[in-house]
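Reading through the structure tokens given below for one structure.
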Amino acid sequence: MRGRKGDHPCSFAPCSPAQKMKIIVPLKQILSPAGLTINRKAGKVFVNKEEYVLNPASKRALEAALRIKDSAGADVIAITFGPARAEDCLREARALGADRAIFVGKTKTFRLYRVGAAAAGLARDRIEHARNAHDVIAMLRDELEPTDVVLTSGRWQHALGRVGLALAGRDVQCRADPCPFKRMLCDVCPFLEQEFYGLPAAATEAEPS
């Protein structure tokens, strides 16, 4: 799908139903800044009230995806990982206009989320479950087309290059979290297709040979 000549660089030509773009947006929660107190003298942050909100970066990514949906007719798929409270991310995403919600976590937690979401009027077939990130990739890999978009946000330790490589068909087996190799790109890392869980705690950062 290409922008029309003269369009804003962020605009898109509408898709036909047969080539509808899919936009995948991973969401996460953070502690609400309203419940935090910073003691600059002591150099500490105190949690006065443990409340979680949708990470602003995640919300901006979701809003960008929904703008593309409005202009081009895309399907927006929201994904979140975590405990039961993480379902609030998906509720907010669905309320804003996301078409599908995928909860990644324990089956028991997902069942509780699905019951609540269904009671709120969400169709059960639009609420899906995966046990881990690898299950999500397996779930979505066959659905994705060259025009589809995956929006991710994170630090180098998260090695998010693994996501794109897995969706492109690489047999990604690396489970390192965090990644110990700051200057190593995922596509050339010798551990990408191995069951690698990271270096021993006593080991220092080193580039693999």
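So, in segment 170-187, how many residues would count as being in contact with a helix residue (DSSP H, G or I) (Cβ under 7 Å, 6 or more places away or on another chain), buried (at least 18 other Cβ atoms within 10 Å of the Cβ) and part of a loop (DSSP other than H, G, I, E, B)?
From segment 170-187, those in contact with a helix residue (DSSP H, G or I) (Cβ under 7 Å, 6 or more places away or on another chain) are 172, 174, 178-179, 182, 185-187; that's our starting set.
From what is left, the residues that are buried (at least 18 other Cβ atoms within 10 Å of the Cβ) are 172, 174, 179, 186.
With part of a loop (DSSP other than H, G, I, E, B) added as a condition, the list becomes 172, 174, 179.
Residues in segment 170-187 being in contact with a helix residue (DSSP H, G or I) (Cβ under 7 Å, 6 or more places away or on another chain), buried (at least 18 other Cβ atoms within 10 Å of the Cβ) and part of a loop (DSSP other than H, G, I, E, B): 3 in total.
For segment 21-41, what are the residues that are surrounded by 10 or more Cβ atoms within 10 Å (Cβ to Cβ) and assigned to a strand (DSSP E or B)? Break it down stepwise before answering.
Here is the first cut: in segment 21-41, the ones surrounded by 10 or more Cβ atoms within 10 Å (Cβ to Cβ) are 21-33, 35-38.
Passing the criteria: K22, I23, I24, V25, P26, L27, Q29, I30, L31, L36, T37, I38.
For segment 42-90, list the strands (runs of 3 or more DSSP E) that sit wholly inside it and hold at least 2 residues that are modelled with pLDDT of 80 or more and assigned by TED's automatic domain parsing to the domain that holds F103; which are they? Working first, answer last.
On the way: elements: 44-47, 52-54, 75-81.
Hits in segment 42-90: 52-54, 75-81.
When only residues in segment 137-158 that are modelled with pLDDT under 75 and within 22 Å of L185 (Cβ to Cβ) count, which is surrounded by the most Cβ atoms within 10 Å (Cβ to Cβ)?
Result: L151.
Write out, first by first residue and then by second, each pair whose Cβ atoms fall under 7 Å of each other, whose residues are 6+ apart or on separate chains, and whose first residue, in segment 159-184, is charged (D, E, K, R) while the second is in a helix (DSSP H, G or I).
Qualifying pairs under 7 Å: R162/C186; K182/W156.
Among the residues of segment 42-69, which ones are loosely packed, with under 11 Cβ neighbours inside 10 Å and of a type outside the set (A, V, I, L, M, F, W, C)?
Result: G43, K44, N48, K49, E50, P56.
Of everything in segment 91-108, what is in a helix (DSSP H, G or I) and over 20 Å from A138 (Cβ atoms)? Give them in sequence order.
Within segment 91-108, R91, E92, A93, R94, A95, L96, K108 qualify.
The values are calculated or read from the model by the stated rules, or taken from the named source; none is laboratory data. Values in this document were obtained by computation on a predicted structure and should not be read as measured data. Don't worry about glycine lacking a Cβ; one is built from the backbone with ideal geometry, like all the others, and counts go over all protein chains shown.
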